[in-house]
Amino acid sequence: MGEILIVDDEPSLRDMLALALEERGHVVREAAGVQQARRALAGGRVDLVLTDLKMPDGSGLEVLEYARGRDGSTQVILMTGYATADTAVEAMKRGALDYLTKPFPSMNALLAQVEKALEVSRLAQDNLALREALSERRGFGDLVGRSATMKRLYELVGRIAPTRTTVLITGESGTGKELLARAIHRTSDRAAAPFVPVNCGAIPETLIESELFGHVKGAFTGAQAAREGLFRSAHGGTLFLDEVGELPPATQVKLLRVLQERTVKRVGAEREEEVDCRVLAATNRDLREQVESGAFREDLYYRLNVIELRVPPLRDRREDIPLLARHFVQRFAAEMGRDITDIAPDAMEALLAHRFPGNVRELENLMERAVTLELDRRVTLASLPPTLQARGGGSAPTPLLLPDAGVSLDAVLAEVEQNLLRQALERTGGNRTEAARLLGITFRSMRYRLAKHDMDDDDTPGQDP
């Protein structure tokens with residue numbers, strides 16, 4: 001079934017064509033001239049335009065240019081009783097699929113041409129959706145996700161990466177704070193220089209200053225050789241201070257001086273050395289609370305928090321779960337030499353129902369486990385932990401009860417429709433054609449409903465992969 005627009009100033013011809021096409025199950029609209037055709041094309045998607053060449057208010061070539069300019073997947077067949085080789089060649093140059101002479105040889109020949117044109121339109125739609133999906137698939141650097149919150153994060157990263165501004169990255173454990181820091185580094189003018197990560201909470205307090213700032217030979221017991229320190233190792237590049245809230249008070253003072261003066265003084269040294277490195281810091285703690293309690297210096301907090309980037313927990317961007325899960329499956333399958341390419345629907349349903357307190361890191365570990373244990377060519381429910389298997393069987397929908405005070409039926413139906421659209425897209429990994437099939441609607445209807453609920457870009461996983 002296709003959306004077809006007939007443009008001709010002869011009512012009898014429009015009626016004849018509309019009747020024949022509607023009998024084939026197509027949706028037909030009519031226009032008596034160029035201006036009506038432009039309004040019809042502006043009012044919604046059209047898969048195929050059948051247009052006369054000469055009309056009282058203009059030429060079918062105008063309709064052709066307008067239709068193809070609005071949507072490259074819309075196909076156009078020109079019809080005329082004044083066929084010449086020059087006009088046929090001109091029509092083809094401007095993007096017409098075919099050129100028919102009136103009267104038509106037979107209605108069956110015309111209908112066959114229409115079916116061919118609709119198939120070309122469908123393929124063009126699929127190719128366009130594929131290009132859009134591939135362009136958006138991975139997101140930004142090694143970060144995976146195309147939810148609205150992640151897109152906004154990518155935009156911020158793109159704006160701040162070329163600067164040397166200090167950035168504080170916040171978020172729960174496992175959300176990907178280091179990946180974000182690496183993305184900033186790789187898109188900056190320091191990308192060719194070192195990226196040096198350090199976990200401030202994993203270094204003993206007695207060694208933290210030596211690790212960060214370096215030491216001279218003999219500065220303390222065991223210092224048998226000089227050490228330049230991580231700040232100097234990151235010279236020209238980026239130093240990433242993970243879990244910066246774990247730094248002891250004495251080290252906080254020295255870090256503040258480094259950020260202000262851009263010099264470091266090795267433990268046991270008499271003079272300071274200049275250092276040129278960008279500092280990115282991250283924490284899963286609330287540093288404001290630590291400032292109020294006295295555990296973290298207020299001046300250091302403001303020095304680090306020039307720009308704050310918050311990485312959302314996975315539960316706040318659930319539409320990214322299918323994309324992330326498939327990304328990890330493909331990665332681990334390649335690493336292990338396994339022929340596993342996808343995730344079964346019931347397994348994906350179980351993943352979508354899980355709260356993921358461990359965030360992206362937890363999902364990554366689950367997919368590694370699943371690929372390791374899986375015997376099929378796709379991850380099945382059986383390869384997930386028992387706690388998730390119980391969530392993959394589905395359940396009967398909860399009946400809706402009418403409140404005593406009544407309810408807005410339009411609002412409830414809109415919410416239900418949005419929820420089902422989102423679930424269908426999540427289950428199919430953003431494939432709109434498959435999502436439409438699950439919902440029993442056409443691809444065009446799917447696009448219309450997404451646009452109606454403002455889900456066409458920011459709130460959906462994307463286009464057909």
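Of all residues in region 342-369 being out of contact with any strand residue (DSSP E or B) (no Cβ under 9 Å at 6 or more places or on another chain), in a helix (DSSP H, G or I) and among the small types (Gly, Ala, Ser), which is surrounded by the most Cβ atoms within 10 Å (Cβ to Cβ)?
The initial filter retains those residues of region 342-369 that are out of contact with any strand residue (DSSP E or B) (no Cβ under 9 Å at 6 or more places or on another chain), namely 345-346, 349-350, 352-366, 368-369.
Filter once more, so that each one left must be in a helix (DSSP H, G or I): 345-346, 349-350, 352-353, 359-366, 368-369.
Subsequent filtering for residues that are among the small types (Gly, Ala, Ser) retains 350, 353.
Working: Ala350: 23, Ala353: 15.
In this case the residue turns out to be Ala350.
Do you know which residues across region 177-219 are more than 24 Å from Thr165 (Cβ to Cβ) and among the acidic types (Asp, Glu)? First the steps, then the outcome.
Of the residues in region 177-219, the ones more than 24 Å from Thr165 (Cβ to Cβ) are 201-211, 214-219.
Once the filter is applied, which keeps residues that are more than 24 Å from Thr165 (Cβ to Cβ) and among the acidic types (Asp, Glu), region 177-219 yields Glu205, Glu209, Glu211.
Of Arg232, Arg271, Arg262, which residue is surrounded by fewer than 16 Cβ atoms within 10 Å (Cβ to Cβ) and under 30 Å from Pro162 (Cβ atoms)? Quick ask: steps written out before the conclusion?
Values: Arg232 fails: surrounded by fewer than 16 Cβ atoms within 10 Å (Cβ to Cβ); Arg271 fails: under 30 Å from Pro162 (Cβ atoms).
Every option except Arg262 fails the conditions.
Against the condition aromatic (Phe, Trp, Tyr) and surrounded by 15 or more Cβ atoms within 10 Å (Cβ to Cβ), how does Phe213 come out, does it pass? Spell out the reasoning first.
Details: aromatic (Phe, Trp, Tyr): yes; surrounded by 15 or more Cβ atoms within 10 Å (Cβ to Cβ): yes.
Yes: the conditions hold for Phe213.
Quick grid of which residues meet (1) outside the structural domain of Lys177 (by TED's automatic domain parsing); (2) closer than 18 Å to Thr387 by Cβ; (3) modelled with pLDDT under 95:
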position	(1), (2), (3)
Gly337	yes, no, yes
Ile340	yes, no, yes
Ala344	yes, yes, yes
Met348	yes, yes, yes
Ala353	yes, yes, yes
Leu363	yes, yes, no
Thr372	yes, yes, no
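Out of the residues in region 325-341 that are surrounded by 14 or more Cβ atoms within 10 Å (Cβ to Cβ) and out of contact with any Asp or Glu (no Cβ under 8 Å at 6 or more places or on another chain), state the one that is farthest from Leu241 (Cα to Cα).
Here the answer is Gln330.
Could you please find all residues in region 69-84 being farther than 11 Å from Val7 by Cβ and either among the hydrophobic types (A, V, I, L, M, F, W, C) or surrounded by 18 or more Cβ atoms within 10 Å (Cβ to Cβ) (or both)? Steps first, please.
Of region 69-84, the ones farther than 11 Å from Val7 by Cβ are 69-75, 80-84.
Selection gives Ser73, Thr74, Gln75, Thr80, Ala83.
Answer yes if at least one residue in region 152-160 is crowded, with 17+ Cβ neighbours inside 10 Å and either small (Gly, Ala, Ser) or at positive phi (or both), and no otherwise.
For region 152-160, residues crowded, with 17+ Cβ neighbours inside 10 Å and either small (Gly, Ala, Ser) or at positive phi (or both): absent.
Mind checking which strands (runs of 3 or more DSSP E) fall wholly inside region 26-104 and carry at least 2 residues that are outside the structural domain of Glu119 (by TED's automatic domain parsing)? Show your work before the answer.
Details: elements: 27-31, 48-52, 75-80, 98-101.
Correct list: empty, since no element meets the threshold.
Collect the residues in region 304-317 that are in a helix (DSSP H, G or I) and either surrounded by 19 or more Cβ atoms within 10 Å (Cβ to Cβ) or of a type in the set (A, V, I, L, M) (or both), keeping them in residue-number order. Outline the logic, then answer.
First pass over region 304-317, keeping only residues in a helix (DSSP H, G or I): 304, 314-316.
Passing the criteria: Leu304, Leu314.
Among helices (runs of 4 or more DSSP H) lying entirely in region 183-302, which contain 3 or more residues that are touching a strand residue (DSSP E or B) at 6+ places or on another chain (Cβ under 8 Å) and more than 20 Å from Ile169 (Cβ to Cβ)? First the steps, then the outcome.
On the way: elements: 208-213, 230-233, 249-261, 287-293.
So the answer is 208-213.
May I ask you to list pairs of residues, at least six apart or on different chains, whose Cβ atoms are under 7 Å apart, with the first in region 202-225 being over 20 Å from Arg271 (Cα atoms) and the second being not in a loop (DSSP other than H, G, I, E, B)?
So the pair list comes out as Ile203/Glu211.
Against the definition (out of contact with any Ser or Thr (no Cβ under 8 Å at 6 or more places or on another chain), among the aliphatic types (A, V, I, L, M) and under 20 Å from Lys177 (Cβ atoms)), how does Leu351 come out, yes or no? Full working, then the answer.
Details: out of contact with any Ser or Thr (no Cβ under 8 Å at 6 or more places or on another chain): yes; among the aliphatic types (A, V, I, L, M): yes; under 20 Å from Lys177 (Cβ atoms): no.
When the stated conditions are applied, Leu351 does not pass them.
Taking region 413-449, which residues are more than 19 Å from the chain's Cα centre (by Cα) and either acidic (Asp, Glu) or not in a helix (DSSP H, G or I) (or both)?
Glu415, Glu417, Gly440, Ile441, Thr442
Only one of these conditions is not met by Thr87: (1) β-branched (Val, Ile, Thr); (2) under 16 Å from Leu17 (Cα atoms); (3) over 37 Å from the mean Cα position of the chain (by Cα); (4) buried (at least 18 other Cβ atoms within 10 Å of the Cβ). Which number is it?
(2)
Select from region 412-440 the residues that are buried (at least 16 other Cβ atoms within 10 Å of the Cβ) and of a type in the set (Val, Ile, Thr) and write down the one among them that is modelled with the lowest pLDDT.
Thr428
Output the residue which, of all residues in region 39-64 that are charged (D, E, K, R) and under 38 Å from the mean Cα position of the chain (by Cα), is modelled with the lowest pLDDT.
Once the filter is applied, the top-ranked residue is Arg45.
What residue, of Gly69, Gly81, is under 33 Å from the mean Cα position of the chain (by Cα), modelled with pLDDT under 90 and among the small types (Gly, Ala, Ser)?
Details: Gly81 fails: under 33 Å from the mean Cα position of the chain (by Cα).
After ruling out the rest, the residue left standing is Gly69.
If a residue must be among the small types (Gly, Ala, Ser) and closer than 11 Å to Ser383 by Cβ, how many such residues does region 332-348 contain? Can you show your working first?
In the first step, residues of region 332-348 are kept if they are among the small types (Gly, Ala, Ser); the result is 333-334, 337, 344, 347.
Narrowing the set further to residues that are closer than 11 Å to Ser383 by Cβ leaves 344, 347.
Looking only at that region, the number is 2.
The values are calculated or read from the model by the stated rules, or taken from the named source; none is laboratory data. From a predicted model like this one, the values you see are computed outputs, not experimental measurements. Ideal geometry is used to build each Cβ from the backbone, glycine not excepted, and the neighbour counts take in all protein chains shown.
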